[in-house]
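Read through the structure below, which is laid out as structure tokens, and then see the notes.
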Amino acid sequence: MLDSRKDEASRSVIIRAHSPQTVSFNSLRAHGHINRAIFYQGVKNNLLVEFEHKDSVRHLLEQVSYFSDPGQMPVQSRLLYAVHSSNVYQQHSLPPAFIHTVGTKNFTQQQYQAADSISAQMKGLHKMRSLSDDGSRLRYFMCTLIEDMLRTTLPHCRVDPFGSSSNGFGWEGSDLDMMLTLMHKKQQNPQANFWFLTKRHAEDERTFAQQCLDVVGDMIRVLMPSSHRVSKILNARVPIVKFHHDITDIECDLSCVNVSGAKMSELMFLMGEMDSRVRLLMTTIKQWAKSCEVTRSHPGPWPSNFMLLSLLIFFLQTRSVPVIPSIRHLQALAEPEDHFQVDGVDYAFVTDVQKLTPSKNNQKPEELLLEFFHYYAHFDFEMNGLSLIEAATFPKPDSAAVFIENPLEVDHNISKNVSSSCADKLKDSMLQALRCLETKSVPNRDEPWGLMCLFQPPVEKDTELTWLDKTCEDNGWNHKTSPIIWRELIDRGGKGVLV
Ligand code: CTP
Ligand code: MG
């Protein structure tokens with residue numbers, strides 16, 4: 001899937017255009033056969049044009065002019081701007097039937113109201129929210145844009161999406177996690193009489209990633225059109241370069257040689273493929289967590305969507321009739337080619353979903369949703385850690401508020417960042433969600449019911465914490481790491497919070 005998607009993306013260009021009618025079809029067709037044209041309406045207003053052959057893109061780029069502003073770097077990329085003349089509107093524009101137009105979608109209050117069960121509401125919401133084929137195309141396009149920029153000096157590099165952009169749990173607005181690999185397989189030519197001279201070897205993989213992303217971050221800032229707010233977060237456990245790509249309106253995180261993250265995405269993809277209820281439940285839980293501010297759009301001491309997904313998987317593994325099996329079971333079914341290493345440790349899980357027997361659990365999605373809230377509202381996070389490998393709890397090994405063992409790096413806790421107040425808020429919100437679903441589960445044409453009630457914004461708020469959270473959110477600060485927040489608190493005479 002990755003390879004065919006990347007191939008489509010590398011045969012595509014994006015043209016900035018207010019409407020598809022401002023782009024001359026004839027002048028595009030002169031470069032070769034066009035497979036498809038997608039117009040992204042809204043903030044983006046772009047036309048993605050996919051040619052049948054890569055040569056057409058090369059041919060087109062040879063004839064494109066640069067802006068002649070001396071203050072701008074004249075870089076070549078597959079992001080173009082259409083210079084149109086008035087006759088384009090009349091006869092040469094792209095035929096409307098040929099263009100697929102996409103815009104923002106929402107599951108409306110009327111649709112919620114008209115559904116005949118909570119499970120039906122969950123299905124409708126999932127269909128509307130999940131990452132569409134058009135959304136995926138933009139993300140693969142972004143990966144190939146970075147590849148284009150780097151391949152002039154790193155000819156074998158690859159940039160692949162992972163996380164929610166490829167694990168089947170993504171939304172249109174999710175960030176794009178990308179992984180840079182410098183050499184995807186051993187490139188050795190038995191005929192060669194020479195080797196490339198390379199730079200000094202880094203001591204370990206993390207140092208290597210830091211050095212590499214340091215340079216790549218600068219390249220993105222200087223050489224990549226439409227990249228903004230580029231920041232290098234090199235001291236993180238997994239070093240990344242963060243930036244916003246304005247034309248595609250995608251928030252990007254680029255990491256380097258992140259095998260664990262990529263394999264984890266494959267594992268989560270497999271979990272979603274095993275049973276259709278997994279993705280429905282995750283969409284609903286993600287929307288609920290967003291609406292009651294259990295999760296936020298940027299990192300901090302609150303749960304992440306990935307942590308919620310891990311909680312959901314554990315919950316589904318531990319039903320009296322499991323919905324999905326333990327990872328230990330997936331390991332037992334693995335073939336020799338399914339084995340891989342993270343930090344020198346061997347891991348494996350089956351990758352062919354056909355080898356798995358479908359679950360005998362036949363609970364409805366809404367029953368599982370209610371049970372999920374009940375299970376975690378009463379879960380003892382103080383005492384227990386969660387193991388997705390064994391599908392069992394174990395005594396918590398440290399003082400973290402929530403401990404979820406990372407199945408591909410067993411020494412790491414997926415929810416290490418979560419503070420005890422955010423863990424308490426998670427449990428409280430689950431209890432409220434449970435009450436809401438228990439009392440408002442019957443379809444009602446006159447009043448809000450089901451998910452409509454579940455997605456209400458929080459009513460009760462702790463004012464001190466809210467001010468702190470809001471200030472952090474407004475400024476993109478992190479409670480734990482930013483000294484600025486403490487300065488700001490002192491300047492405001494922040495009482496209570498400092499104690
Ligand atoms: N990941 C991991 N261990 C963690 C955090 C993240 O292995 N402790 C991997 C997972 O594969 C995850 C990916 O990194 O899917 C990206 O992390 P993140 O962007 O936080 O989560 P997403 O699943 O992409 O969810 P979202 O849509 O909220 O970005
Ligand atoms: Mg992500």
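Specify the residue that is modelled with the lowest pLDDT; the eligible residues are those in the range 170-205 that are of a type in the set (A, V, I, L, M, F, W, C) and within 12 Å of ligand 1 (Cβ to nearest atom). The qualifying residue modelled with the lowest pLDDT is TRP171. Only residues that are touching a strand residue (DSSP E or B) at 6+ places or on another chain (Cβ under 8 Å) and among the polar types (S, T, N, Q) were counted across the range 394-424, and they come to 3. Filtering LEU312, LEU308 for residues that are without any contact (Cβ under 8 Å) to a residue 40 or more places away in the chain, within 24 Å of the chain's Cα centre (by Cα) and within 16 Å of ligand 1 (Cβ to nearest atom) leaves a single hit, LEU308. Per the conditions (1) touching a Leu at 6+ places or on another chain (Cβ under 8 Å); (2) modelled with pLDDT under 95, the sole criterion not satisfied by ASP214 is (2). Among the residues of the range 4-18, those that are under 16 Å from ILE38 (Cβ atoms) and either without any contact (Cβ under 8 Å) to a residue 12 or more places away in the chain or touching a Leu at 6+ places or on another chain (Cβ under 9 Å) (or both) comprise ALA9, SER12, VAL13, ILE14, ILE15, ARG16, ALA17. Residues in the range 385-400 that are within 15 Å of ligand 1 (Cβ to nearest atom) and in a loop (DSSP other than H, G, I, E, B) were compared, and the one that is surrounded by the most Cβ atoms within 10 Å (Cβ to Cβ) is LEU388. Taken across the range 197-205, residues that are among the hydroxyl-bearing types (Ser, Thr, Tyr), free of Cβ contacts under 8 Å to residues at least 24 places away in the same chain and more than 16 Å from ligand 2 (Cβ to nearest atom) do occur, with at least one present.
Yes or no, residue by residue, for (1) part of a loop (DSSP other than H, G, I, E, B); (2) away from ligand 2 (no atom under 15 Å from the Cβ):
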residue: LYS290; (1), (2): no, no
residue: PRO299; (1), (2): yes, no
residue: ARG319; (1), (2): yes, yes
residue: VAL323; (1), (2): yes, yes
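In the range 144-188, the residue that is surrounded by the fewest Cβ atoms within 10 Å (Cβ to Cβ) out of those that are of a type in the set (D, E, K, R) and over 30 Å from HIS126 (Cα atoms) is LYS186.
The values are calculated or read from the model by the stated rules, or taken from the named source; none is laboratory data. Since the model is a prediction, treat every value here as computed from it, not as a measurement. Virtual Cβ from ideal backbone geometry, glycine too; neighbours counted across all protein chains shown.
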